[in-house]
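Here's the structure, in structure tokens; my notes come after.
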Amino acid sequence: MVIRYFLTALLLVVANADFTTDCVACHMQKKVDLRKTFMNALLVYGGENNFKTALFYYCKNPQPMTSVMSEEFLKKYLPLNAIQIDSMRLKKDIDIYWEKYKIKGNLK
Amino acid sequence: MLSSEKKVFRRFLTVYIILVTTVIVSISIIYYNSSVERINLQYKSLMQEFASLQIKRIKWLHNHYPKYNKYPRDDRYNSAIYDLEYEEIFSTLKSKNIFFNKRLYFSGSYAVYVEVLSDYYLGAKYLFIEVPKNGALISKVYRNIAIFGLLAFIILFILGYYLAKMFIKPMKDSLDLLDCFIKDTTHEINTPISIINSNIEMLNLDNLSAKNRKKIDRVKIASRTLENIYKDLKFVTLSDISRSLDSEFNLKDLIEERVDYFFMHMESKKIVKELKLEDFIVKGDRELYARFIDNIVSNAIKYNRVGGKIEISLSNGVLIIEDSGVGIDKRNIDLIFTRYSRFSEHEGGFGIGLSIVKRIAEFYNIKIEVQSEKNKGTRFIIKW
């Protein structure tokens, strides 16, 4: 049981490390608030599955039309480049992103 | 009021009441539906205002999250937000039932309004607004239906009662006229009948030829028939049944006496009689019982064929009078005891004989069963 908890915790740490490397680092560099981006995406995509699916396809094929980023950001960083991360890893990153900023369970 | 008049009166009133009730119920349903629609509109209008307010608050919270993370609440209503995958984000609702495909619904003691959001603030697509149901509104509708429905029913019932009276008035007038006519006729034929009977009895038949004796017999039959009609009419129009003249007597003796009375009538139609009578003591007015027997026997003779048969048996309180006459149509059997009802155009009469039988039977609690077959005969089974 202890080993099981330990392994789960280890996996989470590793996954969080991937998220930090894959997402946070770049967003920090471009000075784009991850929470603000999350709220913008939530406003458009709503539910968890819809949000995750939309974000996954956006990361793989970013288009200005489907982007939730500001006009200034798009002007600055066009053309948008697809994220070169393994699909499985990207999905895990998106899961962590959702869990980190989701609204459900965080309202009082 | 005669039983036939009562029947018509009751039938008219029943049809009228069914009609009135249907109309009142239909109007009540229309009123109820329109009232419910009006109440729903009131709820909708109020809850739409609350929904607009709540959307503004949710929008504000979306823009200021997570600095502010307290879900907006209001004393006037409860609310909940659900995402497009029908997952609850936050809820202060009291009602447990959630319907996403309705705009307004009632759950327990709450009214719930559903607003679909175009922008998913806080990830919400569905906003639920819940207010306590105002029971007084629908109670007022029920009260109005009960009060006005009852009032309308009473007024229309009274109106229907007078309409029914108006409806049967021509029939009542005709029957009253017939009663008056019978009463007057009864009064007028009494004396001539008595004179005919007494004079016939005084005749010395020994001095008459066989041919003339036969003629006198026919006069006797005719005068007895008249006497019988007179007694029936007198019973119908002048007498009230009472137990003051009740006495115990042997029914067998009375039957033999009455059959003997009709001897000449039977002879004239060559009807064969067959009596199997046992002693049976009954208590009642002998004259009334005579009317009772006379009417059944005279019918058995009147509607019998020439050369027919009449069988009368009395055993263990069951009297059976059976003829081999024309019989009665099955659909008319229930109607034969109705006053002034006649089912044969060939024979005369007022149609009162069997109504007298029924009246006497009801008075003495005698049960009568009629079995009849067209062109074969009729059987009266009388039980004490």
Checklist line | Cα-based Kirkwood hydrodynamic radius, region B:3-133, one decimal, Å | finding: 17.7
Next item on the list: Provide A:65, B:202, A:39, B:264 in ascending order of the number of other Cβ atoms located within 10 Å of each residue's Cβ, fewest first.
Entry: A:65, B:202, B:264, A:39
Note to self: Order these by the 10 Å Cβ neighbour count, fewest first: B:143, B:286.
What the structure shows: B:143, B:286
Next item on the list: Round to the nearest 10 and give me the degree value, 0 to 90, for the angle of helix B:3-64's Cα axis relative to the longest principal axis of chain B.
Entry: 10
Note to self: Using all alpha carbons of region A:2-101, what is the percent of pairwise distances in each 10 Å bin, ordered from the shortest bin to the longest?
What the structure shows: 14, 47, 29, 7, 2, 0
Margin query: How large is the convex hull of the C-alpha atoms of region B:79-146 per residue, in Å³?
Written below: 89
Margin query: Which one, B:152, A:44, B:356, projects farthest toward the positive side of the charge dipole computed for the protein assembly as shown from Cβ point charges (K/R +1, D/E -1)?
Written below: A:44
Checklist line | Estimated [θ] at 222 nm from DSSP helical runs (n ≥ 4, -39500 (n - 2.57)) normalised by residues in chain A, nearest 500 | finding: -20000 deg cm²/dmol
Notebook entry, point to check: Just how large is the dipole of region B:3-133 about the Cα centre, in debye to the nearest 20, putting +1 at every Lys and Arg Cβ and -1 at every Asp and Glu Cβ?
Noted result: 560
Next item on the list: Report the convex hull volume per residue for chain B, counting only C-alpha atoms, in Å³.
Entry: 242
Check: Relative to the longest principal Cα axis of chain B, at what angle does helix B:353-363 sit, 0 to 90 degrees, rounded to 10?
Finding: 70
Next item on the list: Note the angle between two axes, namely the Cα long axis of helix B:210-238 and the longest principal axis of the Cα atoms of chain B, as a number of degrees from 0 to 90, rounded to the nearest 10.
Entry: 30
Next item on the list: Return B:208, B:53 ranked ascending by Cβ neighbour count within 10 Å, so the fewest neighbours appear first.
Entry: B:208, B:53
Note to self: Taking only Cα atoms of the protein assembly as shown, what ratio of Rg to Rh do you get with Rh as the Kirkwood inverse-distance radius?
What the structure shows: 1.51
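Laboratory data are not the source of any read-out in this text; all were calculated from the coordinates shown. Bear in mind that the values here come from a model prediction, so they are computed numbers and not experimental data. Neighbour counts are summed over all protein chains in view; Cβ atoms, including those assigned to glycine, are modelled from backbone coordinates with ideal geometry.
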